[in-house]
Amino acid sequence: MRIAQVAPLYESVPPRFYGGTERIVAFLTEELVRQGHEVTLFASGDSETSATLVPICPKALRMTERVEDDVAYYTVMLEKVFQMADDFDLIHFHSGYQHFPLARIHQRPNLTTLHGRLDLPGLVPLFEEYTDMPVVSISDSQRRPLPDANWQGTIYHGLPLDAYTFHPEPGSYLAFLGRLSPEKRVDRAIEIAKRLDMDLHIAAKINWFEREYFETKIQPLMDHPRIHFHGEISEEEKSDFLGNAAALLFPIDWPEPFGLVMIEAMACGTPVVAFRQGAVPEVVDHGRSGFVVNTIEEAVQAVEDALQLDRALVRQMFEERWTVSRMAEDYVATYERVLEHWPVLTP
């Protein structure tokens, strides 16, 4: 099959540091190539891929010194995608919904994976208009605010089996990996660690627009001998960071569409203690790969329980549910269904 993968431009594919969507695009692209498909990747010029790369900008926009208007780059990307549209059997978008008007005009088979939160009021009229656009969710909970969108299925994320190293023995610290934003609730993680008198290691990205939140709300909480802040870590550092932890804390306070770090921890054999929000109950097998909790008090007890879990079982749960081969197979089956029924794809 001739497949175009259209990635966001904010990070490279794969990203050097934080970047869940771009990492999934990288894993999916490489697996599709491995399976024998002819894949073209539209992404930033510093991306690394075995597919055919069509570079849109010299390097990821986050790594570019000055970007006045990122819409300009996405406009150029969409122009290039549709100039080449006849070269592909199907175009797979991961970059939002800006392509919907052009996709409707060009009528080339396409599929859009929606990677972000969908509980925003402005999205309702958008998806009421574009009921002809076939879309995929990354969890069942993600799609609930838009029940009438043209859903082709839920396809969970997956990782290569060898992307992260299994660590059979638990470490002595708790880990937090992600963004230091209000909805990620690192303050909860700090409180849990303090109540347990355990070290908490925080590896996190701080966006420029969240700097004030970090400096005023979070940084004062880190003035404690048990709290260790490492900033943003690379992909190469992630396996040891997660694998050497006793447990991953995922204390979110928002409708998380998926939560990639949870399956990254599971790949290392590290159990997850996560708050019951968004996709968490779909990802964490309660009592097997971790625990789903509702309060800080429950989280404190869950950490103690997580220390008793068999880390080999946690890794086994990852291998059964969260591999890139399963993800690619799900996407290929969806591609084939879209092509079979194109252009009649009404909900």
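The values are calculated or read from the model by the stated rules, or taken from the named source; none is laboratory data. All figures in this text were calculated on a predicted structure; none of them were measured in a lab. Cβ: placed from backbone, ideal geometry, glycine included. Neighbour counts: every protein chain shown.
Selection of region 68-98 for residues being out of contact with any helix residue (DSSP H, G or I) (no Cβ under 6 Å at 6 or more places or on another chain), of a type outside the set (Gly, Ala, Ser) and under 18 Å from residue 335 (Cβ atoms) yields 81, 84, 86, 87, 88, 89, 91, 92, 93.
Taking region 263-347 and the helices (runs of 4 or more DSSP H) fully enclosed by it, the elements with 3 or more residues that are among the aliphatic types (A, V, I, L, M) are at 296-306, 311-321, 324-341.
Here residue 246 meets the list (1) more than 21 Å from residue 194 (Cβ to Cβ); (2) of a type in the set (A, V, I, L, M); (3) in contact (Cβ under 8 Å) with a residue 60 or more places away in the chain almost entirely, failing just condition (1).
Report yes if some residue within region 272-292 is at pLDDT below 95 and exposed (fewer than 15 other Cβ atoms within 10 Å of the Cβ); otherwise report no.
The first filter runs over region 272-292 and keeps only residues at pLDDT below 95, leaving none.
Scanning region 272-292, I find no residue that is at pLDDT below 95 and exposed (fewer than 15 other Cβ atoms within 10 Å of the Cβ), so the answer is no.
Within region 79-97, no residue satisfies the criterion of being of a type outside the set (Val, Ile, Thr), crowded, with 20+ Cβ neighbours inside 10 Å and in a helix (DSSP H, G or I).
Matching residues to (1) among the polar types (S, T, N, Q); (2) within 22 Å of residue 79 (Cβ to Cβ); (3) in the same structural domain as residue 6 (by TED's automatic domain parsing):
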| residue | (1), (2), (3) |
| --- | --- |
| 95 | yes, yes, yes |
| 101 | no, yes, yes |
| 106 | no, yes, yes |
| 112 | yes, yes, yes |
| 122 | no, no, yes |
| 131 | yes, no, yes |
| 136 | no, no, yes |
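For residue 113, state whether it is free of Cβ contacts under 8 Å to residues at least 60 places away in the same chain and either surrounded by 20 or more Cβ atoms within 10 Å (Cβ to Cβ) or charged (D, E, K, R) (or both). Yes; evaluated as a whole, the condition is true for this residue. At least 3 residues being crowded, with 17+ Cβ neighbours inside 10 Å, free of Cβ contacts under 8 Å to residues at least 60 places away in the same chain and assigned by TED's automatic domain parsing to the domain that holds residue 316 is the threshold, and among the strands (runs of 3 or more DSSP E) wholly inside region 142-233 those reaching it are 199-205.
So that you can scan it fast, the table gives a plain yes or no per residue for (1) under 22 Å from the mean Cα position of the chain (by Cα); (2) farther than 19 Å from residue 113 by Cα:
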residue	(1), (2)
19	yes, no
25	yes, no
31	yes, no
35	no, yes
39	yes, no
68	no, yes
72	no, yes
81	no, no
93	yes, no
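Checking each residue in region 32-61 for being part of a loop (DSSP other than H, G, I, E, B), at pLDDT 95 or above and either outside the structural domain of residue 8 (by TED's automatic domain parsing) or out of contact with any helix residue (DSSP H, G or I) (no Cβ under 9 Å at 6 or more places or on another chain) (or both) picks out 36, 45.
Counting only residues that are touching a helix residue (DSSP H, G or I) at 6+ places or on another chain (Cβ under 8 Å) and either of a type in the set (A, V, I, L, M, F, W, C) or not in a loop (DSSP other than H, G, I, E, B) (or both), region 1-29 holds 15 of them.
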